[in-house]
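Chemist: I have a structure I would like to understand better, so I am pasting it below and will then ask my questions one at a time.
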Amino acid sequence: MIEARALTKRYGDTLAVDDLSFTVKPGQVTGFLGPNGAGKSTTMRMIVGLDRPTAGTVTVAGLPYRKHSAPLCQVGTLLDAKGVHRGRSAHSHLLALAQTHGIPRRRVDEVLDTVGLAGVAHRRAGGFSLGMGQRLGVATALLGDPAVVILDEPVNGLDPDGVLWVRTLLKDLAAQGRTVLVSSHLMSEMAVTAEHLVIIGRGRLLADTTVADLIARVAVGSVLVRSPNATQLAELLVARGAEVTGVDPGLFQVAGLTAEAVGDLALAGGVAVHELTPRRASLEEAYMELTREAVEYR
């Protein structure tokens, strides 16, 4: 479990993280979201002791990261896929890290196989593509078989097969009871991967909620309507102040009225309706609505 309490970080006059509190629980994938400059990377760095908080605390499994005697076995991180000596092979990079914690050599081979790099294990990391570098970063995070996994933009540079692999991996790690915190700007991916969301903007907490609850907050205000008398029904709806947009013959979208109101109006007008589908907001729409006033760079 990760627990942040009143976490604050200043860089001179810049307040990067502002009184931030949240908890990341085991057994689920938690998405860590926010606009560019929101403070996500700074927060992740404070979790693993790379930046010292100006105020507040953050613990992993009840202790600050630096207090763990074998941190790689407690927390696995991917914060910068380029943080590898370019002259070292993938195998040498992982082996050097493993030897700092007494992790057996066979574990290096295991994680390289897990991330699909077994065939290039002895190639220099400097020659890796962006996607291969991301896979090596994930292997580094998994090396100590940690209870907590923190990944910053893990699908960056991956092809569709790689994205699916990361998605499956994250879900498997959570299903094993691990704590999984992952940041991403791909809302479509978070929608199918994360169960819980921590969203920040300008360093402050905007939401700590489930994906379903966040989406439910947003009233999209449109209804898909199918009717054999579409023209007649559309005229009735426009007369009531609705905005009607044609989609296909006999099918249109209504904004400004609920599905119940559309159905009642159709009944009163004697117009048959074959479909009334309230449109559910996407995670992207819900996220954009929530962070609208917190965007740092427009």
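Chemist: Of the residues Lys67, Lys40, Lys82, which is surrounded by fewer than 21 Cβ atoms within 10 Å (Cβ to Cβ) and under 19 Å from Pro154 (Cα atoms)?
Modeler: Going through Lys67, Lys40, Lys82 in turn, the sole match is Lys82.
Chemist: Right, next: Is one or more of the residues making up segment 199-215 more than 23 Å from Ala4 (Cα to Cα) and either outside any loop (DSSP other than H, G, I, E, B) or more than 39 Å from the chain's Cα centre (by Cα) (or both)?
Modeler: Yes, segment 199-215 contains a residue that is more than 23 Å from Ala4 (Cα to Cα) and either outside any loop (DSSP other than H, G, I, E, B) or more than 39 Å from the chain's Cα centre (by Cα) (or both).
Chemist: Looking at segment 27-51, which of its residues are assigned to a loop (DSSP other than H, G, I, E, B), in contact (Cβ under 8 Å) with a residue 24 or more places away in the chain and of a type outside the set (A, V, I, L, M)?
Modeler: Result: Gly27, Gly34, Pro35, Asn36, Gly37, Gly39, Asp51.
Chemist: Can you name the residue in segment 95-146 that is touching a residue at least 60 places away in the same chain (Cβ under 8 Å) and not hydroxyl-bearing (Ser, Thr, Tyr) and, of all such residues, is farthest from Ala70 (Cα to Cα)? Spell out how you get there, then give the answer.
Modeler: As a first pass, look at segment 95-146 and keep what is touching a residue at least 60 places away in the same chain (Cβ under 8 Å): 138, 140-146.
Then keep just the ones that are not hydroxyl-bearing (Ser, Thr, Tyr); that gives 138, 141-146.
Values: Val138: 18, Ala141: 13, Leu142: 14, Leu143: 12, Gly144: 9, Asp145: 11, Pro146: 10 Å.
Per the stated criteria, the residue is Val138.
Chemist: Would you check which residues across segment 81-119 are in contact with a Leu (Cβ under 8 Å, 6 or more places away or on another chain) and outside any helix (DSSP H, G or I) and list them?
Modeler: Ala81, Val84, His101, Ile103, Val115, Leu117
Chemist: Considering only segment 155-187, how many residues are farther than 19 Å from Pro26 by Cα and more than 9 Å from the chain's Cα centre (by Cα)?
Modeler: The total comes to 11.
Chemist: Continuing with this model, one more query. It is to be established whether one or more residues within segment 9-18 are in a loop (DSSP other than H, G, I, E, B) and on the phi < 0 side of the Ramachandran plot.
Modeler: yes
Coordinate-derived values only; no laboratory data. Predicted model, so just to flag it, every value in this text is computed and none were measured. Note: ideal-geometry Cβ built from the backbone for every residue, glycine included; neighbour counts use all protein chains shown.
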